[in-house]
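For reference, the structure is listed below as structure tokens.
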Amino acid sequence: MAANLSGVLIENTRECVKQSKILVVGAGGIGCELLKNLVLTGFNDITVIDLDTIDVSNLNRQFLFRKEHVGKSKAKVAMESTLKFNPNVKIQAFHDSIMSTEYGLNFFKQFSAVMNALDNRAARNHVNRMCLSADVPLIESGTAGYLGQVQVIKKGLTECYECQPKPTQKTFPGCTIRNTPSEPVHCVVWAKHLFNQLFGEDDPDQDVSPDTEDPELAGDAGKSAMEKEASETAVGGIERKSTRTWATGTAYNPHKLFNKFFKDDIKYLLSMENLWKKRRPPTPLEYSDLPKDTKSETGMRDQRVWSIQECSDVFSTCLSKLRDQVHQQGDGVLVWDKDDEIAMDFVTSTANIRAYIFGIALKSRFDIKSTAGNIIPAIATTNAIIAALIVMEGIKVLHGDFDKCKQIYLNRQANPRKKLLVPCALDKPNPKCYVCSSKPEVTVVLNTEKFTVKQLEDKVLKVGLGMVAPDVEIDDGKGTILISSEEGETEENAEKHLSNFKITSGTILKCDDFLQNYNLNVIIAHKDKLEEEKEFVIVGDLSELKATAETPNGVNGGQEENKQEEEDDDLMVVEDPVEEPVVEQRKRKADDTDIEENKAKRMKLTSIPEESEDDVVIL
């Protein structure tokens, strides 16, 4: 090990390495490389935590794992494999979520430094806040294809992970997904919603039936269509029962389900004539009368585009297999996973059938998997480079040489100075950051007469502001408790509107997350109607709101996050993972159908700042 070899590290560095205690969060692509590097450098006390299990798709680059490890804990197998490099190292592994209440402030305080190897924003925000509260240095990292980044975060000295706003995830109006898809991604989102409606948890926001409240339906067009359809048949989903209840009643009969989703519902959409005045109308399909095959059967199954007949056959097969899985679980719920072959086949087949109906280009299974997981290919060498940089910056941190630490970017191509690695000076903390400033506060713009307490907790505090277990008190001089993290204490408030508690513009909500040791004042700004039909907007402060009144720069209220701390799989999940493009239950804005291209794990990867003046890259 490097720390035990004379002349490799200077004496005081050797001692820092040997005596330090390191927490590694994530044991996937970056995490495997990082654990190996730490042990070979001479670190003797390492803790690793990861919630994920090993998938066969991980084996091509997460080199600590082998075929016999598939299905086992990443953290524990990574520990066992790393110990083979040096059996004398102390490594502790947790197969758990870093956001669990078991890993509180005292847990973080025991470490000399924390090294993130995560791929989702929710967990990163949480670790960032825990490190700030514990005053423990954090080395943040991320990769996306050939791009990579390493950043040192130290309380009071540097920007924290949340000092700068992150790009929001692309959202689509619900009526676009349900009524008028125009891009392949719209069909993929619809297909994933269909999977959840049939086999997963019932979520009203993921309804796949035609939307009769589409703003383009002038007058009573939608209502008339509904009444007409209801009088003709109940198969079209008009009876007020859930999609899953109806499908179960048919024993998941592929003929009936196919005709319901791809014929009856489409005919119903055609009855909404206003939708098709300027659009190509969809073409209903009949299960027993599908178009003849026009696609080649040659080539790899994942790479070629399936014919409609093949999609129908796969749809039927998947229905049977997924139905059996539900029954085996005692009529439980299934969770869609891009690495579950049957679930992925179901989404591929249904997305392509819907695309054909609406005259949209069909895609291969590989392409649909990339869209469904919002993913880009992972590059093993990128992970290796970034993991090495993490350790090199970590050594500076252990020395206390924060003035020598850099924020380092790995570019896809060399810059004009022939560099792939670009080191930049660390930025100072943002004085208006609602996480690390001395008096954290943020303004939330919403309609207090329509926004409920439950929405405030789930969409604003937990999703928009990254809290885990928030408590909220109204600053009204009475200490009114609006939300309690103790189960059942304020349950009766959940469905009440904020206005019921006399919350209006200027009201201050004192928010506290005991797990993150985080306090935040939320200033409410009432607005009857927000731009682009957003539910709420988060802005830095009231002055920022006034300065950007016409185009507020905030967080979209429809955003969701993937809360599973999985590392990169067959393809690497780009941060904001949450796993799919989010569908807002809002009404359509003209031409609001573009999909945002995949982002790198960290916002700044898309905009590399000017490098430092050094000709030699100082790591």
**Charged-residue dipole, Cβ positions (Lys, Arg, Asp, Glu), the range 441-549 about Cα centre, Debye nearest 20** = 380 debye
**Message:** From the phi angles alone, apply the Karplus equation (6.51, -1.76, 1.60; θ = phi - 60°) to the range 248-259 and give each ³J(HN,Hα) in whole Hz, x where the residue is Gly or Pro.
**Reply:** 4, x, 8, 6, 6, 5, x, 4, 5, 5, 4, 5
**Prompt:** How many angstrom separate the Cα center of the range 128-151 from the Cα center of the range 22-60?
**Reply:** 15 Å
**Prompt:** Can you give me the pair-distance distribution of the range 413-500, C-alpha pairs, 5 Å bins, whole percents?
**Reply:** 3, 11, 15, 19, 14, 8, 6, 6, 5, 4, 4, 3, 1
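When only the heavy atoms of the protein chains count and the probe is 1.4 Å, how do Asp475, Asp265 rank by accessible area, highest first?
Working: Asp475 75, Asp265 10 Å².
Listed by decreasing accessible area, they come as Asp475, Asp265.
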**Message:** Let me spell out the model: positive unit charges on the Cβ of Lys and Arg, negative unit charges on the Cβ of Asp and Glu, origin at the Cα centre of the range 52-149. What dipole size does that give, in debye rounded to 20?
**Reply:** 200 debye
**Fill in**
Residues meeting the amide H criterion for Ala113 (H placed from the backbone, H to H distance under 5 Å, 5 or more places apart or on another chain) are Lys21, Leu23
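Kindly state, to the nearest 0.05, the FRET efficiency for Glu531 paired with Lys277, given R0 = 25 Å and r defined as their beta-carbon distance.
Details: r = 26 Å, r/R0 = 1.05.
That pair, Glu531 with Lys277, gives E of 0.40.
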**Prompt:** For Asp55, which sequence-distant residues (separation of 5 or more, or a different chain) have an amide H within less than 5 Å of its own amide H, given hydrogens modelled in the peptide plane?
**Reply:** Gly71
**Request:** Could you calculate the contour length gain from Lys502 to Ser182, that is, 0.36 nm times the residue separation minus the distance between their Cα atoms, to one decimal place in nm?
**Result:** 110.9 nm
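Round to the nearest 0.05 the FRET efficiency obtained for Ala388 and Asp96 when R0 = 22 Å and r is the Cβ-Cβ distance. Walk me through the numbers before you get to the answer.
On the way: r = 27 Å, r/R0 = 1.23.
About 0.20, to the nearest 0.05.
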**Item:** Cut-off under 5 Å, modelled amide H: who pairs with Gln92 long-range
**Value:** Ile46, Thr47, Val48
**Message:** Could you check the spin-label model distance between Lys109 and Glu201? Points 7 Å from the Cα along Cα→Cβ, value in nm.
**Reply:** 3.4 nm
**Complete:** Whole-Hz Karplus couplings 3J(HN,Hα) for the range 332-346, θ = phi - 60° and coefficients 6.51, -1.76, 1.60, Gly and Pro as x, run x, 10, 9, 10, 5, 9, 5, 9, 8, 4, 5, 4, 5, 5, 4
**Message:** Given an 8 Å cut-off on Cα distances and at least 6 residues of separation, report the relative contact order of the range 441-549 as a percent.
**Reply:** 41 percent
**Item:** Whole-number accessible area per residue in Å² for the range 373-528, which is evaluated in the context of all protein chains at 1.4 Å
**Value:** 47 Å²
**Under the Karplus curve 6.51 cos²θ - 1.76 cosθ + 1.60, θ = phi - 60°, whole-Hz ³J(HN,Hα) for the range 10-23, x wherever Gly or Pro sits** = 5, 4, 5, 5, 4, 5, 4, 5, 5, 8, 7, 10, 10, 9
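To the nearest 20 debye, what is the magnitude of the charge dipole of the range 10-52 about its Cα centre, counting +1 on the Cβ of each Lys and Arg and -1 on the Cβ of each Asp and Glu?
Numbers: 4 positive and 6 negative charges, 26 e Å.
So the dipole magnitude of the range 10-52 works out to roughly 120 debye.
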**Asked** How far apart, in nm, are two points set 7 Å out from the Cα along the Cα-to-Cβ line at Ser288 and at Asp313?
**Response** 2.0 nm
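Could you give the length gained by full extension between Leu40 and Arg304, i.e. 0.36 nm per residue of separation minus their alpha carbon distance, to one decimal place? Don't skip to the answer; put the middle values down first.
Working: separation 264, 0.36 × 264 = 95.04 nm, distance 4.38 nm.
Result for the pair: 90.7 nm of gain on full extension.
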**Message:** Strictly greater than 23 Å: what percent of every Cα pair in the range 441-549 meets that?
**Reply:** 20 percent
**Message:** Could you tell me the calculated FRET efficiency between His327 and Val8, based on Cβ-Cβ distance and R0 = 56 angstrom, to the nearest 0.05?
**Reply:** 0.40
**Message:** At 0.36 nm per residue, and after removing the present C-alpha to C-alpha distance, how many nm does the segment from Leu426 to Lys72 gain when stretched out fully?
**Reply:** 123.6 nm
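Can you pick out the pairs among Lys396/Lys510; Lys454/Lys529; Lys84/Lys396; Lys454/Lys478; Lys369/Lys450 whose Cα atoms lie more than 29 Å from each other?
Beyond 29 Å between Cα atoms: Lys396/Lys510; Lys369/Lys450.
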**Complete:** With Lys496 itself left out, Lys, Arg at +1 and Asp, Glu at -1 over residues whose Cβ is under 13 Å from its Cβ give -2
**Complete:** From the Cα centre of the range 359-397 to that of the range 400-432, the distance in Å is 20 Å
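The values are calculated or read from the model by the stated rules, or taken from the named source; none is laboratory data. Values in this document were obtained by computation on a predicted structure and should not be read as measured data. Reconstructed Cβ throughout: ideal geometry from the backbone, glycine too, with neighbour counts over all protein chains shown. Areas reflect the complete protein model, heavy atoms only, side chains present, ligands, DNA and RNA absent. Shrake-Rupley method; radii C 1.70, N 1.55, O 1.52, S 1.80 Å.
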